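The values are calculated or read from the model by the stated rules, or taken from the named source; none is laboratory data. None of these values were measured; they are calculated from a predicted model. Neighbour counts run over all protein chains shown; Cβ positions are idealised from the backbone, glycine included. When the accessible area is computed, the model is the full protein with side chains, heavy atoms only, and any ligands, DNA or RNA have been set aside. Shrake-Rupley method; radii C 1.70, N 1.55, O 1.52, S 1.80 Å.
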Amino acid sequence: MTEGRMLLAEYFLTESQTVIMIANPDDPEPELVAVPHTLRDVRAHVAELTGMLESAPRRPEALGRVTELLSDPLLTDLVEPVANRLGPGDRVWLIPHDALHRVPLHAVGSELAGHSVAYAPSASVLRYCRDNRGGRRQRALVVADPPGGAELMLGPAQAELLTGLFKTETLAGAGAVSGELVRRVGSADILHVCAHGVFDAAAPMRSGVVLADGLFTAERFLKLRLSRTLVVLAACRTGVAAARPGDELLGLVRSVLHAGAPAVLVSLWTVDELATTMLFRHFYERLVAGERAIDALRAAQERLRVTTAGDVLAYLESIAPLLPAPAAARLLIAEARIRLMAADFGRAVAACDAALETVGEPAVRRSAQTIRQRALLHAGSEPPNLGRAVYAHPYYWAAFVLIGDWY
């Protein structure tokens, strides 16, 4: 990527308009841009957007509405003034305000396409994050698939990926307990957590990630020593926070950054496990090659957007030997879902039939039956297309954001 400038854009929503402060290193002072969209209108728009994103796994038709909402002038008008001031190779820090903290602004319209984007809760926190910047990343601590909640499948694949790229310690399954995390994290340049995320709106500092011995909350993250550690929370809704007066955000991001991490990668909604695993595969390959985290994430997102059904099926085949035997049926479900997206209806039915023969888990059986019925319903409606880009929708590639330093 061409080396460019780093711009900063900070939003402030009011009852009458939205004000954007854009700081360009070439200008003597920040520029203020007023956009005629009100706090009330933005809140209503974002409420519908987040509702559609959260319902997408259960309602595929919600994806179309998400596309409409992300392309609506109410959001594109807020991003366009920033995009218009970016040149080739420029990167940007976005500091959202109020409801905008829930919006993947990097995926709004096509305005920021080709530019690397990082986020920050505030300019003062950003300076604190930069002071905690680390050096070369060599050691990783991976927390993979702790029991609790719906069973995950791809933790071993994520752990194997980091093991092949860094000096890695892994806390997996029943061994992924809080005491071991606390004891080992101090020597890690990267902390990667593949687990279930929990957001507690009533008590946001009790939000956390599920470990084998219970919830590791934001309150507990706050007590860790994470200076110079890039933290990756590969779980659902880890970037969701509760706003208090003064736009003070409470949740996992606040705790991780205040514990000294220069940056944290988190998700804004409930994520797809397979798409997430492939995203981080590309991210870490770029990171170990020497790219900055902000650029590695952008490149990974762009790569995921063009990933075909054939690519995903080949990846599933490659990781199958890494997964425990009980994951076989869930792997078949993943295959069936991808084949359904690629209109490969006959083989989608076959994968569902194989899953139904090998498992007794009610949730997996329901998934198999649902996908099988949809495949039969659409059989013959179009030819199979394994070249289809199955993760092109922002629901799959835009969920994760880098908050903090961009190094």
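The table below lists the values:
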| read-out | value |
| --- | --- |
| Percentage relative contact order, the range 307-407, counting C-alpha pairs under 8 Å, at least six apart | 34 percent |
| Label point distance in nm, residue 44-residue 151, each placed 7 Å from Cα along Cα→Cβ | 4.6 nm |
| Residue 16 - accessible surface, heavy atoms, 1.4 Å probe, Å² rounded to 10 | 80 Å² |
| Extension gain (nm, one decimal) between residue 370 and residue 244, 0.36 nm per residue minus Cα-Cα | 41.2 nm |
| Relative contact order (%) - criterion: Cα under 8 Å, at least six apart; region: the chain | 15 percent |
| Accessible surface, per residue, of the range 113-268 when the full set of protein chains is kept, probe 1.4 Å, Å² | 40 Å² |
| Inter-part distance where the range 1-60 and the range 384-399 are each reduced to a Cα centre, Å | 25 Å |
| Packing-based order for 390-399, 132-141, using average beta carbon neighbours within 10 Å, highest first | 390-399, 132-141 |
| Percent accessible area from carbon and sulfur atoms, the range 275-407, protein chains only, probe 1.4 Å | 53 percent |
| For residue 200, net neighbour charge (Lys/Arg +1, Asp/Glu -1) across residues whose Cβ lies under 14 Å away | +3 |
| Heavy-atom SASA rank of 228, 58 (probe 1.4 Å, accessible area, largest first) | 58, 228 |
| Charge dipole magnitude, Cβ of K and R +1, D and E -1 - the range 192-318, Cα centre, debye nearest 20 | 420 debye |
| Per DSSP, loop GluC sites (Glu not before Pro) in the range 1-58 with at most 14 further Cβ within 10 Å | 3, 15 |
| Assigned charges on the beta-carbon of Lys, Arg, Asp, Glu; the chain dipole about Cα centre (debye) | 1000 debye |
| Per residue solvent-accessible surface (Å²) - the range 1-47, probe of 1.4 Å | 58 Å² |
| Counted charge near residue 266, where neighbours are those whose Cβ lies closer than 15 Å (Asp, Glu -1; Lys, Arg +1) | +2 |
| Cα-centred dipole magnitude for the range 135-237, charges only on beta-carbon of K, R (+1) and D, E (-1), debye, nearest 20 | 560 debye |
| Solvent-free Debye scattering, log10 I(q)/I(0), computed from the Cα coordinates of the chain at q = 0.10 Å⁻¹ | -0.67 |
| Residues whose placed amide H lies under 5 Å from that of residue 249, excluding near-sequence neighbours | 244 |
| Zone residues, the range 34-67, relative to residue 381, backbone N less than 17 Å from point 7 Å out along Cα-to-Cβ | 58-65 |
| Charge dipole (the range 300-407, unit charges on Cβ, about Cα centre) - positive-most of 307, 331, 371 | 371 |
| Total formal charge among the other residues, if their Cβ is under 15 angstrom from that of residue 362, Lys/Arg +1 and Asp/Glu -1 | +1 |
| Which of 143, 64, 397, positive extreme of dipole for the chain (C-beta unit charges) | 143 |
| Heavy-atom accessible area order for 125, 46, 198, largest first, 1.4 Å probe | 198, 125, 46 |
| DSSP-loop trypsin sites (Lys or Arg not before Pro) across the range 156-226, with at most 13 other Cβ within 10 angstrom | 223, 225 |
| Difference of contour (0.36 nm per residue) and Cα-Cα distance, residue 76 to residue 27 | 15.2 nm |
| Computed lengthening from residue 407 to residue 228, 0.36 nm per intervening residue step minus Cα-Cα distance | 63.4 nm |
| Pairwise centroid distance, computed over Cα atoms, of the range 265-333 with the range 142-186, Å | 16 Å |
| Between helix 273-288 and the chain: long-axis angle, C-alpha atoms, 0 to 90°, nearest 10 | 60 degrees |
